[in-house]
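**Q** Handing you a structure now.
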Amino acid sequence: MDKVQLEERVKELNQLLHDTGYAYYVLDQPLVPDAVYDQYLKELIGIETEFPDLIFADSPTQRVGGMILQGFQKVTHTFPMLSLSNAFGREDLDDFDRRIRASIGDDFSYVCELKIDGLAISLSYENGLFVRGATRGDGRVGEDITENLKTIRSIPLRLKKPITLEVRGEAYMPKKSFLTLNEQRMANEEEKFANPRNAAAGSLRQLDPKIAASRNLSIFVYAIGGDGEAYQLDSHGQALDYLDDLGFQTNKERQTCHSIDEVQAYIEKWTTERPNLPYEIDGIVIKVNRYLHQQELGFTAKSPRWATAYKFPAEEVVTKLLNIELTVGRTGVLTPTAILEPVLVAGTTVGRASLHNEDLIREKDIRIGDTVIIRKAGDIIPEVVAVVIAERKEELPAFEMPTHCPVCESELIRIEGEVALRCVNPQCPAQITEGIIHFVSRNAMNIDGLGEKVVEQLFREGLIKDVSDLFTLTKEQLIQLERMGDKSATNLVAAIEASKLNSMERVLFGLGIRHVGEKAAKILSEEFGDMKQLAEATPEQLIAIHEIGGKMADSVVSYFDTDEVRELIGKLESLGVNLTYTGKKVDLSNLNHVLTGKTVVLTGKLEQLTRQEAKEKIEQLGGTIAGSVSKKTDIVIAGEDAGSKLEKAKTLGIPVWDEERLIEELK
Ligand code: IVH
């Protein structure tokens, strides 16, 4: 073949591979056996290797993931990527419907779609070629993840028409791929992903596109960015059909509805069918169909008035409460945990749920042997919702807290004004192990590979008595432990060694001094620069620091005022643990997020995130968490039952976000 013929053949192969790939990945109707596809691909790779100038941008070989990136470039979306308002029940839906009717009358229809639980993506095409793909980011600016997106087979690299457009969709990981991936990760001793959404997001945020390529991701596109009318379309329904014609994968379960009752029926149908879908959905999206109507309805600051997202309530299941286990924490507080007959909830098997404290057990009248309803708060943390009293066939004794510590048997104390019962024996083995677990945890020394089980074993075997002993552990000692391989032991020794370089605030927080949280540890470290200086500080010096109160000052002084603690600090120092503040601050220069540089106050009860998670995420994006609302506050995040801080924010005219908004912005 001469070069002209070769070029012809390459084009032909590209076309064949596109067509067969489209049939397989988008239509789910394979045209040819896999072996034939592989044959075409092999031939193409052969020619491309010999003549790299014949590699076209849309060649299927460009999907496999080539270069490792240094970082992701920022992309400003041509049209902002908005989020949707939420509806949680029939009442919210009726309100939504009423508002629409008040604005555009009764002659309109809705399109209902599944709300795919993945991450929002924008895809840009120029003259039919895929040129850029980006994450949502803050809605205005996202990250360029083109190379990763190219590895998704259901994203066409070339459209069936040579047009320029931007489309929006949801990238996701099918349930089956998620399960396989987690099995692999478990086998490799890697942390499992909590759900397919995190797995998809984690895969697309990898700098090495080969990782995304190996993850079997897919996408459903659900809208044209900007003005659909520019493509001679006059409704959302038409736009979806048009996207199909261009070669995209849209979700076929969509349905036109002419009343809110029909919408409700669609919701009910998918609430039942949801477990049978091969991908996760977290709700139903309801959109007014015609563009003309959408334009009349317009937008609020953050979302269109013509659409809303109905969110499924958390899945609730019934199981038996087998026992109530009591654990002693690092500060001696007793926490009851429900031991449940294992049951599948929202994708994982649940066998335990925290009961928080005695009051909660009493309030909900939870008794061992009861049938209980459980769910996962925010789809992650298992909790007992209520007891099914009708199922309590025989009289069960009310649960009583013990009078003595279940671990060291010393008498339990209830400190005045506190709900919790406490073991106050400083030698209590449970408190010591929990203290060590805290010391190695992510927000403290962050020692990878030192999980709770390993710490417990080390303590039981007498290999560690306090945190300083961690730094004398040898590989030979670690290998003796159950389920500790050669590789894990080597890695663990290296991780312990590396942790010696941590800045002072991590060590200080890790010591677990009462009232000294992460933030206080940072302030104290910045202020004193060195653990020895801090150990010598007087209450007056401490109180003089802004944000350090009397209670904390007393706690710090009395902590360092014992021989054991002085000895411990001396040991840590002689073992080479850094005890000075090396001041590693978050590098703000790379960040460009709505929360970057902002002072944020969290108030009220968050449902889906813990405070700690919210705080960490905001700080990672370069935001600062403040304790009280002032003129300097940029954003107040108000959870349920927010009180005076929310009031103050309103008075000062400070923007207030609910938890949903925060989660949207963090996505
Ligand atoms: S329409 C103007 N349709 O849900 C907003 N969104 O807040 C257009 N999502 O993260 C969004 N499935 O990525 C729309 N069928 C669907 C969707 C969907 C999932 C996600 C979207 C965004 C969130 C909406």
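**Q** If you plug each phi of the stretch 394-405 into the Karplus form 6.51 cos²θ - 1.76 cosθ + 1.60 with θ = phi - 60°, what whole-Hz ³J(HN,Hα) values come out, in order, with x for Gly and Pro?
**A** 10, 5, 10, x, 5, 6, 10, 6, x, 9, 10, 4
**Q** Going highest first, how would you order 231-243, 93-105 by mean Cβ packing within 10 Å?
**A** 231-243, 93-105
**Q** Check I281: other-chain or 5+ apart residues with amide H under 5 Å from its amide H, H built from backbone geometry?
**A** D117
**Q** Among the DSSP beta bridges whose two residues both lie in the chain, what percent are antiparallel, rounded to the nearest 5?
**A** Around 85 percent of the beta bridges assigned by DSSP in the chain are antiparallel ones.
**Q** Any idea what the relative contact order of the chain is, in percent, if you count C-alpha pairs under 8 Å spaced at least 6 apart?
**A** Once normalised by length, the contact order is 9 percent.
**Q** Sequence neighbours fewer than 8 away in the same chain don't count; with that in mind, list the lysines whose C-alpha is under 19 Å from K376.
**A** K175, K192, K311, K320, K364, K605
**Q** Under 5 Å between amide H atoms, partner at least 5 residues away or on a different chain: which partners does V385 have, H built in plane at 1.01 Å?
**A** I373, I374, R375
**Q** What is the percent carbon and sulfur in the accessible area of the stretch 529-667, measuring with a 1.4 Å probe over the protein chains and ignoring ligands?
**A** 51 percent
**Q** Between helix 260-273 and the chain, what is the angle of the helix's C-alpha long axis to the longest principal axis, kept within 0 to 90° and rounded to the nearest 10?
**A** 70 degrees
**Q** Kindly provide the trypsin sites (Lys or Arg not before Pro) of the stretch 468-563 that DSSP labels as loop, not H, G, I, E or B, and whose Cβ sees at most 10 other Cβ atoms within 10 Å.
**A** Sites meeting the loop and neighbour criteria: R483.
**Q** Any idea what Rg and Dmax come out to for the stretch 442-492 if you just take the C-alpha atoms, in Å?
**A** Expressed in Å, the Cα Rg and Dmax of the stretch 442-492 come to 10.3, 28.
**Q** Find, among the GluC sites (Glu not before Pro) in the stretch 178-234, those assigned to loop by DSSP (not H, G, I, E, B) with at most 12 other beta-carbon atoms within 10 angstrom. The partial results should precede the final answer.
**A** On the way: sites: E183, E189, E190, E191, E229; in loops: E189, E190, E191.
Hits after loop and neighbour filter: E189, E190, E191.
**Q** What net charge is computed for the residues neighbouring G351, neighbours being all others with C-beta under 12 Å from the C-beta of G351, Lys and Arg scored +1, Asp and Glu -1?
**A** So the surrounding residues net to 0.
**Q** Give me the distance in nm between label points sitting 7 Å out from Cα along the Cα-to-Cβ direction at Q70 and V388, one decimal.
**A** 6.0 nm
**Q** Considering the chain, which cysteines have no disulfide-compatible partner, defined as another cysteine with its Cβ under 4.7 Å away?
**A** Flagged as lacking a Cys partner: C112, C257.
**Q** Could you give each residue of the stretch 486-500 its phi-based ³J(HN,Hα) in whole Hz, using Karplus coefficients 6.51, -1.76, 1.60 with θ = phi - 60°, and x for Gly or Pro?
**A** Running phi through 6.51 cos²θ - 1.76 cosθ + 1.60 with θ = phi - 60° gives 4, 5, 4, 5, 4, 4, 5, 4, 5, 5, 5, 4, 4, 5, 4 Hz.
**Q** Order these peptides, 601-614, 567-580, 383-396, by their mean beta-carbon neighbour count within 10 angstrom, highest first.
**A** 601-614, 567-580, 383-396
**Q** Of M1, M186, M552, M531, which has the most accessible area with a 1.4 Å probe, and how do the rest follow in descending order?
**A** Correct descending sequence by accessible area is M1, M186, M552, M531.
**Q** Which aspartates and glutamates have a Cα lying under 12 Å from the Cα of K115, excluding residues fewer than 8 positions away in the same chain?
**A** Correct list for K115: E170, E253, E280, D282.
**Q** Hey, another quick one. For T403 and K500, compute 0.36 nm times the residue count separating them, minus their Cα-Cα distance, and round to one decimal in nm. The partial results should precede the final answer.
**A** On the way: separation 97, 0.36 × 97 = 34.92 nm, distance 4.05 nm.
Once the chain is fully extended between T403 and K500, it gains 30.9 nm.
**Q** Collect residues whose amide H, placed 1.01 Å from N in the peptide plane, falls under 5 Å from the amide H of D234; neighbours closer than 5 in sequence don't count.
**A** Amide H neighbours of D234: none.
**Q** Now for a different question. If one takes the longest principal axis of the Cα atoms in the chain, at what angle in degrees, from 0 to 90 and to the nearest 10, does the Cα axis of helix 518-528 lie?
**A** The answer is roughly 60 degrees.
**Q** At 7 Å along the Cα-to-beta-carbon direction for both I339 and A265, put a label point, then send me their distance in nm to one decimal.
**A** Inter-label distance under the simple model: 5.0 nm.
**Q** Please state the charge dipole magnitude for the stretch 101-149, taken about the Cα centre, from unit charges on C-beta atoms (+1 on K and R, -1 on D and E), reported in debye and rounded to the nearest 20.
**A** Dipole size: approximately 100 debye.
**Q** In sequence order, what are the phi-derived ³J(HN,Hα) couplings for the stretch 423-430 according to the Karplus relation 6.51 cos²θ - 1.76 cosθ + 1.60 with θ = phi - 60°, rounded to whole Hz, with x for glycine and proline?
**A** Once rounded to whole Hz, the list reads 8, 9, 7, x, 8, 4, x, 5.
**Q** Leaving ligands, DNA and RNA out of it, rank H593, H258, H404 by accessible area with a 1.4 Å probe, largest first. Could you put the intermediate results ahead of the total?
**A** Numbers: H593 30, H258 115, H404 85 Å².
Largest to smallest exposure gives the sequence H258, H404, H593.
**Q** Roughly speaking, to the nearest percent, how much of the stretch 290-370's 1.4 Å accessible area is carbon and sulfur? Display every interim value, and only then the final one.
**A** Values: 2060 of 3910 Å².
Roughly 53 percent, rounded to a whole number.
**Q** Size of the dipole of the chain about the Cα centre, Lys and Arg at +1 and Asp and Glu at -1 on the beta carbon, nothing else charged, in debye to 20? Don't jump to the answer; show the numbers that get you there.
**A** On the way: 79 positive and 106 negative charges, 167 e Å.
Dipole about the Cα centre, nearest 20: 800 debye.
**Q** Enter the accessible area per residue of the chain (Å², integer; probe 1.4 Å; all protein chains in place).
**A** Computed with neighbouring chains in place, this is 51 Å² per residue.
**Q** Please work out how much accessible surface K465 shows to a 1.4 Å probe, ignoring ligands, DNA and RNA, in Å² rounded to 10.
**A** In the full protein context, K465 sits at about 140 Å².
**Q** Counting only pairs 8 or more residues apart or on different chains, how many lysine pairs in the stretch 450-596 have their Cα atoms under 19 Å apart?
**A** 21
**Q** Aspartates and glutamates within cross-link reach of K210: Cα-Cα under 17 Å, excluding same-chain residues under 8 positions apart?
**A** D144, E147
**Q** For the stretch 319-474, with the dipole built from +1 on Lys and Arg beta-carbon atoms and -1 on Asp and Glu ones, taken about the Cα centre, which of S468, V333, T371 lies farthest toward the positive end?
**A** Projecting each Cα onto the dipole axis, the largest value belongs to T371.
**Q** Counting Lys and Arg as +1 and Asp and Glu as -1, what is the net charge of the other residues whose Cβ lies under 10 Å from the Cβ of E296?
**A** Details: positive: R290, R305; negative: none.
Here the count lands on +2.
The values are calculated or read from the model by the stated rules, or taken from the named source; none is laboratory data. Computed from a prediction, not measured in an experiment: that's the story for all the values here. All Cβ positions, glycine included, derive from the backbone under ideal geometry; neighbour counts span all protein chains shown. Note: areas computed on protein heavy atoms with side chains; ligands, DNA, RNA excluded. Shrake-Rupley method; radii C 1.70, N 1.55, O 1.52, S 1.80 Å.
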